[in-house]
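These notes are about the structure you will find just below.
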Amino acid sequence: MMGKKSIADIGPGQSEAMEGATSLGDPCEVFPDASSHYYETQVRRILRRFLQHRLAVAGGCVVILLLLLALFADVVAPHDPLALDTKLRFIPPFSNAQFVLGTDEVGRDLLSRLLHGGRISLVVGMAAMFATIVTGLAIGVIAGFYGGRVDNILMRFTDTVLCFPQVFLLLVLAAFITPTVVSIALIIGLTSWMEVARIIRAQIQYIKEQEFVQAAFALGASGRRIMLKELLPNAISPVLVSATLNVANAVLMESYISFLGYGIQPPLASWGNMLTNAQSYFDLAPWLAIFPGVMITLTVMSFNFLGDGLRDALDPRVGM
């Protein structure tokens with residue numbers, strides 16, 4: 001009949017390709033370009049989705065700019081942020097070419113303090129995000145992988161910590177430690193991991209039921225290998241989204257506790273303690289509070305927009 005071929009009708013090259021495909025079980029190994037082409041198109045699809053999210057692109061550009069300014073604050077800042085001159089107190093913004101954003105109550109340049117304060121706030125945010133992701137990832141993966149009693153214990157502990165407001169936990173912990181950049185970052189990270197743990201646990205439970213993971217179990221792979229090689233790489237998307245959102249949360253938390261006097265201590269500048277110092281002079285020099293407030297708002301919004309864009313770009317269920 002037309003349309004049917006016998007084995008004799010298949011040419012030598014086609015026969016070898018079919019034998020290779022049968023023995024290897026993966027067409028990508030017979031046609032090596034297939035895997036690389038698929039990976040490339042996946043990357044392009046994610047990039048296209050992200051670029052279509054205009055707010056995410058804008059947020060990403062602002063985040064990159066803020067990180068560069070924080071990294072090169074020593075070069076960009078026009079003055080020493082700790083240098084004071086009481087003769088130059090309360091110079092209004094945009095009225096003096098030497099002090100573009102004005103000066104504070106002891107004559108320090110506000111622009112220089114904003115740049116160096118941004119460095120501290122962003123370092124605290126990044127370090128706290130790392131602590132949050134590592135803690136949440138470890139608890140979420142272990143709970144999702146082992147299930148049963150281990151899952152119940154870890155999730156009940158997570159629920160217990162969630163019962164306490166984060167700001168309350170931060171203030172209690174900050175009251176018993178010496179406030180430094182490292183200690184503030186750690187206490188923020190160790191009080192922010194609960195949502196990450198719950199998200200990762202749900203993702204691991206779903207991935208664990210997939211056929212490739214069951215095949216790894218059947219082949220006798222160890223639990224550690226399955227967690228590190230099979231589960232974690234496939235749960236990376238929510239981790240990336242949680243990382244960006246947690247930086248925004250950490251910057252905000254650092255501002256809270258610094259504003260209340262338990263965070264970064266003067267003379268070091270952070271956006272939070274700059275707001276604290278500005279309270280007494282708001283009627284006389286409102287710009288001392290406005291500029292740090294604008295920087296905190298801009299940073300938090302930018303990281304949130306970036307996280308929203310990454311979530312939409314990495315989620316296969318969202319069509320764009």
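The values are calculated or read from the model by the stated rules, or taken from the named source; none is laboratory data. Owing to the predicted nature of the structure, the values given are computational and were not obtained by experimental measurement. Methodologically, a virtual Cβ is constructed for each residue, glycine included, from the backbone with ideal geometry; neighbour enumeration extends over all protein chains shown.
Summary of computed values
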| item | result |
| --- | --- |
| Those residues of region 271-306 which are small (G, A, S), under 19 Å from G125 (Cα atoms) and at pLDDT 90 or above, in sequence order | G293, S302 |
| Residue check for L137: over 30 Å from I91 (Cβ atoms), surrounded by fewer than 19 Cβ atoms within 10 Å (Cβ to Cβ) and either of a type in the set (A, V, I, L, M, F, W, C) or more than 24 Å from the chain's Cα centre (by Cα) (or both) | no |
| Hits in region 49-77 - residues which are over 23 Å from H116 (Cβ atoms), surrounded by fewer than 17 Cβ atoms within 10 Å (Cβ to Cβ) and touching a residue at least 24 places away in the same chain (Cβ under 8 Å) | Q52, L55, V57, A58 |
| Scan of region 245-255 for residues that are surrounded by fewer than 24 Cβ atoms within 10 Å (Cβ to Cβ) and in contact with a Gly (Cβ under 7 Å, 6 or more places away or on another chain), ordered by number | L245 |
| Single condition D159 does not satisfy, out of (1) among the acidic types (D, E); (2) over 30 Å from N277 (Cα atoms); (3) in contact with a Leu (Cβ under 9 Å, 6 or more places away or on another chain) | (3) |
| Number of the exception - T244 against (1) closer than 21 Å to E105 by Cα; (2) in contact (Cβ under 8 Å) with a residue 12 or more places away in the chain | (1) |
| Region 191-238: number of residues that are over 29 Å from Y256 (Cβ atoms), in a helix (DSSP H, G or I) and acidic (D, E) | 2 |
| Residue check, I264 among the β-branched types (V, I, T) and not in a helix (DSSP H, G or I) | yes |
| Residue list for region 281-305, restricted to those being touching an Asp or Glu at 6+ places or on another chain (Cβ under 8 Å) and not in a loop (DSSP other than H, G, I, E, B) | Y281, L288 |
| Matching residues in region 72-104 - criterion: being assigned to a loop (DSSP other than H, G, I, E, B), modelled with pLDDT of 90 or more and acidic (D, E) | D80, D104 |
